Structure formats: C-alpha cells, structure tokens
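In what follows, a structure is listed as structure tokens, so that the remarks can point back to it.
The values are calculated or read from the model by the stated rules, or taken from the named source; none is laboratory data. Computed from a predicted structure; not experimentally measured. A quick note on method: Cβ atoms are made from the backbone with ideal geometry, for glycine too, and the neighbour counts reach across all protein chains shown.
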C-alpha cells in the first residue's frame with residue numbers, strides 16, 4: 001500500500017463546494033459530531049472483537065470514530081471501544097491497519113466500477129484532451145508517485161476540480177485494467193462522488209508528504 005501521498009480538494013465538487021452533509025455521529029475519541037461519511041463505523045463481532053464496518057451494513061450498535069489513523073489508534077490504546085460499548089470487547093492492535101486496507105480497497109473498487117461504466121479516461125494525453133474539450137470531469141486522479149510536471153500541466157487546465165492523489169500508479173493500474181496509469185479523470189456522477197468520499201476517508205490513514213518529496217516519473 002502506498003504510504004506517501006498528498007490529498008487535495010478531495011471533498012469538493014467542481015464548483016469548490018462541499019458535498020451536502022447527511023446524518024451525523026459523535027466520534028467516541030474526540031467527542032466531536034461530524035457527518036457519517038467522514039467517519040468509520042465499528043461494531044462488535046461474534047467473538048466480542050471490534051471490527052471495522054466501512055460499508056456501514058453490519059448488524060449491531062455502531063461505534064463511530066473519525067476516519068483518521070491517530071484517532072483509531074487512540075480508541076484502541078485507551079480502551080475507548082469497551083467504554084463506549086459498555087462491556088468487555090477486544091480491539092486488536094492491528095485494527096488501524098485492517099481498517100486502512102478495507103478503505104483502500106473500497107475506494108479503488110469504486111474507481112474500477114467507474115471505468116467499467118465508461119466514466120473514466122486514463123493517460124496524460126486523453127485527460128488533457130477531455131479537459132480541453134470541456135468534458136464534465138468531476139475528479140482528477142494523479143498517482144502519488146507520478147511526475148509533478150505532468151500533474152501541474154493537467155491541473156492548470158482544470159482549476160477548481162477535485163484532485164485525488166493518495167494512490168500509487170500500481171494501484172491505479174490494477175483498478176483501471178491497464179499498465180502504468182499516472183493520470184486519470186472521472187466524469188461527473190454518483191460513482192465519482194463515492195470515489196471521492198472513500199478516497200477522503202482512506203487519506204486519513206496516510207502519513208502526509210510535502211509536495212517537494214514527490215518522486216519524478218521515469
């Protein structure tokens with residue numbers, strides 16, 4: 001899994017406005033109330049073990065934590081899941097990593113669905129052509145290990161469009177079914193919105209890297 005990435009504007013649409021907030025929940029770590037889409041739901045499984053419910057579909061009472069690695073780590077180390085559940089439950093030390101893996105795969109699954117629906121263009125030339133033609137692009141996807149020059153040129157054609165750059169080229173290539181994907185664009189629609197939201201949740205589990213740490217494309 002890629003660890004070096006920067007996420008920009010992932011929660012904004014083309015007009016720079018945030019998505020409409022849905023139902024809210026209180027984080028059991030910081031006690032702040034936030035939209036469910038910014039948080040992770042955890043439940044107690046059959047073995048009295050806390051498991052991540054990233055799709056929000058498992059039965060049982062939900063225990064909510066902001067989608068940030070440090071907060072999940074605090075919930076584990078501080079015994080906060082047991083306190084919130086009001087019973088003895090076990091939260092394993094690898095819970096943050098397991099949660100990150102699930103979020104990582106969930107986001108890329110939406111990217112793959114968008115590709116199969118014909119809502120993605122990939123490759124530097126194709127992305128530039130789509131932007132120049134005024135295509136209804138909602139999200140730009142840039143490999144975290146790609147060239148800064150190519151990215152800057154693409155972004156100059158699309159000021160204000162959301163950019164997701166928390167996945168490496170290997171991740172993008174696998175999700176999109178082609179080799180060496182560095183640049184891609186998603187057209188407006190539900191799949192683009194879901195990809196943005198899931199990428200935003202996953203980004204909370206990635207250590208930030210400064211822009212000057214981006215490696216050059218070879």
| said: Name the residue that is nearest to residue 169 (Cα to Cα), counting only residues in the range 127-142 that are in contact (Cβ under 8 Å) with a residue 24 or more places away in the chain and in a helix (DSSP H, G or I). | reply: 127
| Scanning for something touching a helix residue (DSSP H, G or I) at 6+ places or on another chain (Cβ under 8 Å) and either surrounded by fewer than 17 Cβ atoms within 10 Å (Cβ to Cβ) or at pLDDT below 95 (or both), does the range 128-135 turn up at least one residue? | yes
| query | Going by the structure shown, is residue 121 touching a strand residue (DSSP E or B) at 6+ places or on another chain (Cβ under 6 Å) and buried (at least 22 other Cβ atoms within 10 Å of the Cβ)? | reply | no
| Has the range 64-77 got at least one residue that is within 15 Å of the chain's Cα centre (by Cα) and in a strand (DSSP E or B)? | yes
| Taking the stated definitions as given, is residue 116 over 18 Å from residue 202 (Cα atoms), out of contact with any strand residue (DSSP E or B) (no Cβ under 8 Å at 6 or more places or on another chain) and surrounded by fewer than 21 Cβ atoms within 10 Å (Cβ to Cβ)? | yes
| Does residue 195 qualify as being surrounded by 14 or more Cβ atoms within 10 Å (Cβ to Cβ) and not in a helix (DSSP H, G or I)? | no
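Yes or no, residue by residue, for (1) surrounded by 13 or more Cβ atoms within 10 Å (Cβ to Cβ); (2) farther than 15 Å from residue 25 by Cα; (3) modelled with pLDDT of 95 or more:
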| residue | (1), (2), (3) |
| --- | --- |
| 63 | yes, no, yes |
| 72 | yes, yes, yes |
| 76 | yes, yes, yes |
| 80 | yes, yes, yes |
| 90 | yes, yes, no |
| 94 | no, yes, yes |
| request: Identify the single condition in (1) in contact with a strand residue (DSSP E or B) (Cβ under 7 Å, 6 or more places away or on another chain); (2) loosely packed, with under 15 Cβ neighbours inside 10 Å; (3) in the same structural domain as residue 51 (by TED's automatic domain parsing) that residue 84 does not satisfy, given that it satisfies every other one. | output: (2)
